[in-house]
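What follows is a set of notes on a single structure, which appears directly below.
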Amino acid sequence: MSQTRNILVTSALPYANSSLHVGHLVEYVQTDVWVRFQRLREHNCIYVCASDAHGTPTMLSAEARGISPEALIDEIVAEHRRDFETYGISVDNYLSTHAPENERLTIGIYRRHVEAGLIERREISQAYDEVKQMFLPDRYVRGTCPVCKSPDQNGDSCGKCSATYTPLDMIDPVSVISGTKPVERKSEHLFFKLSGFAGDLKAWIEGHVDESVRRKLNEWFEAGLKDWDISRDAPYFGFEIPDEPGKYFYVWFDAPIGYMASFLNLCEKKGLDFDAWWGEDSDAELYHFIGKDIVYFHALFWPAMLSGAGYRRPTGVFPHGFLTIDGEKMSKSRGGNVTMAGFAKYLEPDYLRYYYASKLSPGVEDIDFRFDDFVAKVNADLVGKLVNIASRCAGFVQRINGGVLADSLPDETLFAEFREAAAEIAEDYEARRYARAIRRIMALADRANQMIDEQKPWLAIKEPGSEAAVLATCTLGLNLFRSLIVLLKPVIPSVAGRAEAFLGGGELTWSSVDTPLLGGRIEKFKPLLNRVEDSTVAAILAEASEGAKGLEETHDGKIDLDTFLKIDLRVAEILEASLVDGADKLLKLRLDIGDGERTVFAGIRSAYEPESLQGRKVVVVANLEPRKMRFGVSEGMILAAGPGGDDIYLLSPDSGATPGMQVR
């Protein structure tokens, strides 16, 4: 065993205004598998995390619920902690960024920046909501991209052409909060001089991030690092900046400091030396596991903030990809509303840990969650291969020797093969090549099952005098199972705990693969896992679907503004209208919606003659899921008012509107 390492690990902080879903779990599994592996190797590995509490979303979410932001944070943080515990995410400390430790550290770092001349004042123009009387964060402005003219884009970047801009650059910007057009208003802000760190950061990333991440970071270096706006105007939920009334630290300034604050909180509980881990001369290792969307903050802003305040920088920053569902971006209709708590109501959390680990690599590629693949992999690998080894051998040990294992192995060669494989698997874990590690481990499981198939203890036991040989075979089988449990313990800790209790040899460490368990008594075997049924997955998705409806509707049937803004209302021109054979109420409409033609079936026949509609402008819901009817596929819905029958009135835009124009 190499020298004991001191390692501090963090995951990105989940936002403290919503529940954790199965997409969040990817990061926590990636982090926790690595942490548990290091501890299994008997290194001193500390893992801290926290809920990200500050910013406009928390303030508005609390306001919508009629509670204080502090009350909302307390509620969500408690829920996040429960989810971490349920999934075996082995954090040593979990805090929130609203904690006093974070305020103390944030103010201290800011003052060091001021003393070092790293803070500068500038007047900027921002989008301002006159109804809500507040400056708007970029994400709270939607509008048309000024570059490619795509509608309904975010206020900072376009999802279609990837252009970046400010909300004030957009065409027809709208405040997500009030639905009104924001105005331009000036304000004095504080900037951190990130541009001065460009050369130092470019040298630093060479040894501290992977090659694929370096390539992305180099694009930003080539474009030139920009100084960073670290202040926000009231009203804002966060820490007020000293000597700057009405000014608050931007959430991305104090959020990463939350890593330090959570560790400081742990230091105060356990009597640890904070400076030994965060001081400029610290020889401890520091690693951040994050999503690929926040690389800029963690590989540029954060190291600059730390060095500018006299603290050490990270040893490594490990980004991962996103989770897709059946090849598509997560959405509520495609499992995106499956919460961690909701999944755990139906299935063993280790199933999901295993599935994610089997997909994870050191790169930033997205992980595709296919429910059919999930069911097949869990049933084949964990139930059909791993647990099957123990279930095939344990009964014979009980029957022949009262549950006591043999004193020797019949074949040291196979056990040695597993022991030697552990070194390569350790390298995979260390390098975060979990998918490769899982493949190696399952190949070993196949070897163990092959050995049992060849020895056929269920047939051999029928031969007189065969008990000793069968006991030896099953002792070997259970020791191979034990080695597999050691190798999988970072991934499936709950299953490993049950296996340890069954084997009766105490807690397993990585070195347990070196020495077989002989002559000990095992417990009577009980199933460690059950097969996953398709009906169970269907129940999970059904509950998630109901939960999505509940989230989108309030108690009085209202929808929130975010839900409404997802509706894509467009101006359309009716190119052709015709009767539908066999349908008394429908007309078939061929529409021009600007970027192509659509066919829509509309129940307006009682009020309109087809020929009267040609050339008329109407309003259509353009992003409605296509509906298959016996007359054809309807690709949208036109809007009308009235009680029905002859009293149906199509909604039409003012003159001058053109097909494809977004309705606001």
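The values are calculated or read from the model by the stated rules, or taken from the named source; none is laboratory data. Since the model is a prediction, treat every value here as computed from it, not as a measurement. As a convention, Cβ positions derive from the backbone with ideal geometry for all residues, glycine included, and neighbour counts pool all protein chains shown. We work out accessible area using only protein heavy atoms, side chains counted, and drop any ligands, DNA or RNA first. Shrake-Rupley method; radii C 1.70, N 1.55, O 1.52, S 1.80 Å.
A few comments on the model shown:
- Placing TYR354, TYR128 in order of accessible area, with the largest value first and a 1.4 Å probe, yields TYR128, TYR354.
- Cα→Cβ-extended label distance, 7 Å offset, between ARG616 and SER578, nm: 1.9 nm
- Using the Cβ-Cβ distance between ARG111 and LYS202 with R0 = 25 Å, the FRET efficiency computed as 1/(1 + (r/R0)^6) comes to roughly 0.35.
- When cysteine pairs in the chain are screened for C-beta atoms closer than 4.7 angstrom, the residues that find no partner are CYS45, CYS49, CYS267.
- Relative contact order (percent, whole number), the range 50-169, Cα cutoff 8 Å, 6+ residue spacing: 16 percent
- Structural descriptor for the chain: relative contact order 12 percent, calculated from alpha carbon pairs under 8 angstrom and at least 6 residues apart.
- Shape of the range 342-410, Cα gyration tensor, a/c cut at 1.5: prolate
- Probe 1.4 Å, protein heavy atoms only - accessible area per residue of the chain in square angstrom: 45 Å²
- Exposure ranking of PHE318, PHE192 by accessible area [1.4 Å probe, largest first]: PHE318, PHE192
- Length released on extending from GLN3 to ASP283, taking residue separation times 0.36 nm less the Cα-Cα span: 99.5 nm
- Computed magnitude of the charge dipole of the range 381-437 (debye, nearest 20; Cβ of K, R +1, Cβ of D, E -1): 380 debye
- Here the scattering of the range 415-551 is modelled by Debye summation over its C-alpha atoms, one equal scatterer each and no solvent; at q = 0.09, 0.15 Å⁻¹ the log10 of I(q)/I(0) is -0.38, -0.85.
- Per residue convex hull volume, Cα atoms of the range 1-152, in Å³: 214 Å³
- Taking 0.36 nm per residue of sequence separation and removing the Cα-Cα distance, the PHE274/ARG215 pair yields an extension gain of 17.9 nm.
- Theoretical FRET efficiency, 1/(1+(r/R0)^6), r = Cβ-Cβ of GLN450 and SER408, R0 30 Å, to 0.05: 0.90
- Our note on the geometry: Cα centres of the range 517-532 and the range 388-435, 13 Å apart.
- Ellipticity estimate at 222 nm from DSSP helix runs (n ≥ 4, -39,500 (n - 2.57)) divided over the chain, nearest 500: -12000 deg cm²/dmol
- Solvent exposure of LEU639, expressed as accessible area, is near 40 Å², computed with a probe of 1.4 Å over the protein chains only.
- Across the range 586-612, the residues whose backbone nitrogen lies under 18 Å from the label position 7 Å along the beta-carbon direction of ALA163 are 595.
- Remark: the Cα gyration tensor places the range 138-273 in the oblate category, a/c being 1.5 or greater and a/b not exceeding b/c.
- For the chain, the Stokes-Einstein estimate of translational diffusion at 25 °C and a viscosity of 0.890 mPa s comes to 85 µm²/s, using the Kirkwood hydrodynamic radius over alpha-carbon pairs.
- Cα shape, the range 371-423, gyration tensor, a/c 1.5 rule: oblate
- For THR515 and ALA443, the difference between the fully extended length at 0.36 nm per residue and the C-alpha to C-alpha distance is 23.9 nm.
- Angle in degrees between helix 467-488 and the longest Cα principal axis of the chain, rounded to the nearest 10: 40 degrees
- Computed with a 1.4 Å probe on the full set of protein chains, the accessible area for CYS45 sits at about 10 Å².
- For the range 22-69, Kirkwood radius (reciprocal of mean inverse C-alpha pair distance, Å): 13.5 Å
- Kirkwood Rh in Å, taken over the range 118-213 so that all alpha-carbon pairs contribute: 15.4 Å
- Fraction of accessible area attributable to carbon and sulfur, the chain (%, probe 1.4 Å): 47 percent
- Which listed pairs, of LYS193/LYS292; LYS186/LYS247; LYS456/LYS526; LYS193/LYS226, have C-alpha distances above 19 Å, in listed order: LYS193/LYS292; LYS456/LYS526
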